[in-house]
Amino acid sequence: FEDLRWALSVVKTRGFAFEGTRESTMMIPLADFLNHNRVASVRTATLAEDALRFVATKNVMPGEELCIDYAQASNLEFLVRYGFRVEDNPYGGRQFDLGGEPLQGHCPSYILRYDTPDIIENATVDCHRQARYLSFEQQFGTLQPHEQLREDRYIYTAVEEACLQLLSMLEAPRPLSEYEVDAEHEQGPGGVILEGRNGGDGITAVLVREIRAERALLQRCAGEFRRRQEETIPRPVPAMLAEPLARLQAAPAGAPAGGQDPSVTRESPMAAPPPEAGGLGNAGGWNSAG
């Protein structure tokens, strides 16, 4: 069992995974030393079906550290997975996708943000709205305002349900004083000993703060999208199609709409998907994208 746990830990913390394809996880010696930075100096790209290349995105000086962007992930995920947090990290919760119309699969995954009052970037929500509109018009013709409002509500309901289920999976922490913490020798993820930490700065205290912050963000998400379901006038939608949908529309019939390498990230934190949320009508279920 200990060997199995060790092997799983190595794969989960050092593997590179193609987005959405668990079967394509790769172990790449040396590359697993690359640290995370949101402003990455190295990006990954597919070289072949079973190969990966790393490309510098800028001129690199001798002795300069090379970094990649592990993922759009919350500090809680980074802490649980790698034992570090990112200062001023705007992301919270877990990425998730909504089922429903096939065209929505071309839109970005949903990810919560601390730095916008809308909780989720409008560009992401608008892409999913446009995808549903396109699908409707392909099947039934011109979309009327009341039908646009109905399509929007399917999305808003699904997002609220997803945030509520993520919230239910994230148990509220007890008061910090109830945890048994050795202030001088606290053990972090992977058995790392964190020396010289006091009760307010140790890994337990940091985890508790991140859990509380993430729960508050998920509650805000549920409230925001519950309010949107009560709106009686559709929100403005950009006149231009979202880039993934525009690329799809421009592609010749039968041709792939891609043109870019599949996204490749470090093996995603907290990879096990939650159960699907039921009762979402035509919005479909939702799955973790991480």
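Coordinate-derived values only; no laboratory data. Keep in mind that what you see is a predicted model, and the values were worked out from it rather than measured. In this analysis, Cβ positions are derived from the backbone assuming ideal geometry, glycine residues included, and neighbour counts consider all displayed protein chains.
Could you point to the residue in 140, 165, 245 farthest towards the positive end of segment 72-251's charge dipole, with +1 and -1 charges on the Cβ of Lys/Arg and Asp/Glu respectively? The residue sitting most towards the positive pole is 140. The residue 118 and residue 58 beta-carbon pair, evaluated with R₀ = 30 Å, returns a calculated FRET efficiency of approximately 0.45. Translational diffusion of segment 67-166, estimated by Stokes-Einstein from the Kirkwood radius over alpha carbon pairs at 4 °C in a medium of 1.567 mPa s, is 86 µm² per second.
Peptides 53-61, 91-99 ranked from most to least packed, by the mean per-residue count of other Cβ atoms within 10 Å: 91-99, 53-61. Among 127, 67, 107, the order by Cβ neighbours within 10 angstrom, fewest to most, reads 67, 127, 107.
Across segment 72-251, the mean sequence separation of Cα contacts (distance under 8 Å, 6 or more residues apart), normalised by length, yields a relative contact order of 26 percent. Working from label points 7 Å from Cα in the Cα-to-Cβ sense, the residue 227 to residue 178 distance is 3.2 nm. As a proxy for reagent exposure, 69, 115, 88 were ordered by neighbouring Cβ count within 10 angstrom, fewest first; the result is 88, 115, 69.
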